[in-house]
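Scroll down for the structure; my scribbles are underneath it.
The values are calculated or read from the model by the stated rules, or taken from the named source; none is laboratory data. Computed from a predicted model, the values in this text were never measured in an experiment. Here Cβ is always computed from backbone atoms with ideal geometry, including for glycine, and neighbour counts include all displayed protein chains.
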Amino acid sequence: MVDETSLVQRLGAEFIGTAFLVFIGVGSVPATLIVNGNAPFTMADLGMISLAFGTIVIATVYALGHIGGNHINPAVTLGLAVTGRFPWSKVPAYMAAADVVALPSLVEPFGQVVLEAMAMQRPVLATEVGGPAEIVTDATGALADPYDVASIRAGLEKAIALGVPNPAGRTVAAEHDLSVQVARIEAVLQRVVS
């Protein structure tokens, strides 16, 4: 049925699905922190946040998946394209539908989604943990404390203010291109060998 829908219908379904993911999935993080007050963050809290994400993903797959494939996250679109289950020619339209890409992770080793969004000239909001802290600059987006709702809100406002397109993102993403990384690794290995 996905092939029978128009691009506008598919992008509209993705917009709605993404809105649900952000409000319910991402919203579960500050909601949990607010409900807990000053209590320490526990594995049960992490479980509830994970359950919120899982539930909304399943709900949007069933409710909207038949319309557009449920690309409720740029990583889904790119992952499907890499595996050959989604045509690369349609990836730019799905990425272009995003005004800001937010990755409010509690743990984020590298931040590939952040780089992909910046390569598409989208401003980003990421958290101050892991790889994104080394990638995101003031010109490409904002960093936020993942445990501070006000910090996330301020970061989103800052990222939105950068506007679309944001060419600074593409410049930073180019510094992390695979060919650049391979050349850097080769240079290190050459120094080790010589």
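Taking segment 99-133 as the range and being in contact (Cβ under 8 Å) with a residue 60 or more places away in the chain and in contact with a helix residue (DSSP H, G or I) (Cβ under 7 Å, 6 or more places away or on another chain) as the test, the residues that pass are 99, 100, 102, 104, 115. Of note, residue 76 satisfies the criterion of being under 22 Å from residue 29 (Cα atoms), surrounded by 14 or more Cβ atoms within 10 Å (Cβ to Cβ) and out of contact with any helix residue (DSSP H, G or I) (no Cβ under 6 Å at 6 or more places or on another chain). Checking 127, 171 one by one, the residue that is within 14 Å of the chain's Cα centre (by Cα), surrounded by 12 or more Cβ atoms within 10 Å (Cβ to Cβ) and among the hydroxyl-bearing types (Ser, Thr, Tyr) is 127 and no other. Each residue in segment 134-151 was checked for being surrounded by fewer than 16 Cβ atoms within 10 Å (Cβ to Cβ) and free of Cβ contacts under 8 Å to residues at least 24 places away in the same chain, and 5 pass. If you go through segment 42-72 and keep only what is aromatic (Phe, Trp, Tyr) and either exposed (fewer than 14 other Cβ atoms within 10 Å of the Cβ) or without any contact (Cβ under 8 Å) to a residue 24 or more places away in the chain (or both), you end up with just 62. Scoring residue 117 on the criteria (1) at pLDDT 90 or above; (2) surrounded by 20 or more Cβ atoms within 10 Å (Cβ to Cβ) leaves a single failure, condition (1). Taking residue 18 as the residue in question, decide whether it is surrounded by 17 or more Cβ atoms within 10 Å (Cβ to Cβ), closer than 24 Å to residue 169 by Cα, hydroxyl-bearing (Ser, Thr, Tyr) and not assigned by TED's automatic domain parsing to the domain that holds residue 151. So residue 18 fits the description; yes. If the condition is being surrounded by fewer than 16 Cβ atoms within 10 Å (Cβ to Cβ) and in contact with a Gly (Cβ under 6 Å, 6 or more places away or on another chain), then segment 79-111 contributes 109, 110.
Considering 31, 19, which residue is aliphatic (A, V, I, L, M) and within 18 Å of residue 106 (Cβ to Cβ)? Only one candidate passes the filter, namely 31. Just name the residue that is farthest from residue 86 (Cα to Cα) out of those in segment 6-38 that are at pLDDT 85 or above and hydroxyl-bearing (Ser, Thr, Tyr). Once the filter is applied, the top-ranked residue is 32.
Just to be sure, is residue 155 of a type outside the set (D, E, K, R) and on the phi > 0 side of the Ramachandran plot? Working first, answer last.
Working: of a type outside the set (D, E, K, R): yes; on the phi > 0 side of the Ramachandran plot: no.
Against the criterion (of a type outside the set (D, E, K, R) and on the phi > 0 side of the Ramachandran plot), residue 155 does not qualify.
For segment 21-41, the set of residues classified as among the β-branched types (Val, Ile, Thr) and either loosely packed, with under 12 Cβ neighbours inside 10 Å or out of contact with any Ser or Thr (no Cβ under 8 Å at 6 or more places or on another chain) (or both) consists of 22, 26, 29, 32, 34, 35, listed by residue number.
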